[in-house]
1. Out of region 150-163, which residues are open to solvent by 40 Å² or more (accessible area, probe 1.4 Å) and touching a residue at least 24 places away in the same chain (Cβ under 8 Å)?
2. So which of Gly137, Gly191, Gly131 is on the phi > 0 side of the Ramachandran plot and in contact with a strand residue (DSSP E or B) (Cβ under 6 Å, 6 or more places away or on another chain)?
3. Could you tell me which residue of region 189-225 is nearest to Glu124 (Cα to Cα), considering only residues that are modelled with pLDDT of 75 or more and in a helix (DSSP H, G or I)?
4. Suppose we keep only residues that are more than 21 Å from Pro54 (Cα to Cα) and among the charged types (D, E, K, R) within region 66-102. Which one would you say is surrounded by the fewest Cβ atoms within 10 Å (Cβ to Cβ)?
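The values are calculated or read from the model by the stated rules, or taken from the named source; none is laboratory data. Model, not experiment: these values are computed from the prediction. Reconstructed Cβ throughout: ideal geometry from the backbone, glycine too, with neighbour counts over all protein chains shown. Surface areas here come from the heavy atoms of the whole protein model, side chains and all, with no ligands, DNA or RNA. Shrake-Rupley method; radii C 1.70, N 1.55, O 1.52, S 1.80 Å.
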Amino acid sequence: MTRPRTSLLTALMLLIPILLGACSTSMTAPQSIAALPEVIRSTARYERAYLLGPGDQLEIMVDRMPELSRSATVRADGMVTLPRSGDIAVAGLTPMAAAAAVRQRLLARVRDPQVSVAVANPRETKIFVAGEVNRPGAVPLRDAPTAAQALIMAGDAGKSAALSNVALIRLDADGRLNAHILRNDARGHAGLLLTLQNVPLQPGDIIVVQESGGARFARFLQTYVNAPLGGLTQLMAPYVQLRLLQEIDR
């Protein structure tokens, strides 16, 4: 089903020299919707983190104690079983936090254990497409390095989508989620794809397409930027790569 759409995208790319005069992207100076001040003051910083989940194969090493080191797979219940430690819940933890949990359990039996945890089969990096698209959800970044390819992988924009209402939500360097509205000067589907082809993606990016109505679109984006435990968590589970830092700005 996706092959004809991919061929369409390829054909459109061949028209770039002809159409460059008719379209451009404002990604270099995007209109942004930042988190509300009260959100920033209260909770609201994120960081990218690999969170362990069922099926992850772990290499758990205890320094100078090979009898306590082993390979273990995170079970469906989120646990791993280790010598002298029994079952330990690691799902939802970073590898560093899992190492700390194992160390804490060993302290009752071993003097000052030094523990490290590595993931032997890390899950591939994802980006996410939401809103008025035919197949919203997670897309492997290796298959969609640009916003145009992400849109095609998500089954393209739906019939009720407004082609001018497309945004990129990205985690900035300060740990804030920020929505960049992607504007294009060309009209129609071809112009949108040519614009989005100029937007490279990063791990954890979210492409949002919404129906007509500029004010409604802005309110829709607030769901992701300012209420991330609602729309954002539902979208990204079970591929969550953002971790909420529960901080109170003082």
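1. Met153, Ser160, Leu163, listed by residue number.
2. Residue meeting the stated conditions: Gly131.
3. Here the residue is Leu196.
4. This residue is Glu67.
The rows are residues; the columns are (1) within 30 Å of Leu163 (Cβ to Cβ); (2) in contact (Cβ under 8 Å) with a residue 60 or more places away in the chain; (3) touching an Asp or Glu at 6+ places or on another chain (Cβ under 9 Å); (4) not in a strand (DSSP E or B).
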residue	(1), (2), (3), (4)
Ala98	no, no, no, yes
Ala101	no, no, no, yes
Gln104	no, no, no, yes
Val110	no, no, no, yes
Ala118	no, yes, yes, no
Asn121	no, yes, yes, yes
Glu124	yes, no, no, yes
Val129	yes, yes, no, no
Val139	yes, no, no, no
